[in-house]
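The values are calculated or read from the model by the stated rules, or taken from the named source; none is laboratory data. Computed from a predicted structure; not experimentally measured. Cβ sites come from the backbone with ideal geometry, for glycine too, and all protein chains shown count toward neighbours.
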Amino acid sequence: MAHAYKDLVSGAGISANLCVPMPVLAAATATYQAALLSGHGDKDKGGMVRVFEDLLDVRYRSHPACP
């Protein structure tokens, strides 16, 4: 996740320099940052879900019947 976060930050910098709002990029960057600060940086991009699981105090897992 740390490498992807670096790319998001670069995109946010370009967005700011060009004065082009990118709200989805901003939301993704904030979520990645929260994941990294919560210690989920060693996980794949699916680790972003852990941020919301922690906020909502729930765990999402695949149904046993689904592969």
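The number of residues in region 1-21 being over 19 Å from residue 42 (Cβ atoms) and under 15 Å from the mean Cα position of the chain (by Cα) comes to 3. If only residues of region 18-67 that are of a type in the set (Gly, Ala, Ser) and assigned to a helix (DSSP H, G or I) are counted, the one that is modelled with the lowest pLDDT is 46.
Scanning region 1-43 for residues that are surrounded by fewer than 16 Cβ atoms within 10 Å (Cβ to Cβ), under 21 Å from residue 53 (Cβ atoms) and touching a Leu at 6+ places or on another chain (Cβ under 7 Å) yields a single hit, 2. Would you point out the residue of region 46-67, among those that are within 11 Å of residue 34 (Cα to Cα) and free of Cβ contacts under 8 Å to residues at least 24 places away in the same chain, that is surrounded by the fewest Cβ atoms within 10 Å (Cβ to Cβ)? Looking at the filtered set, the residue picked out is 55.
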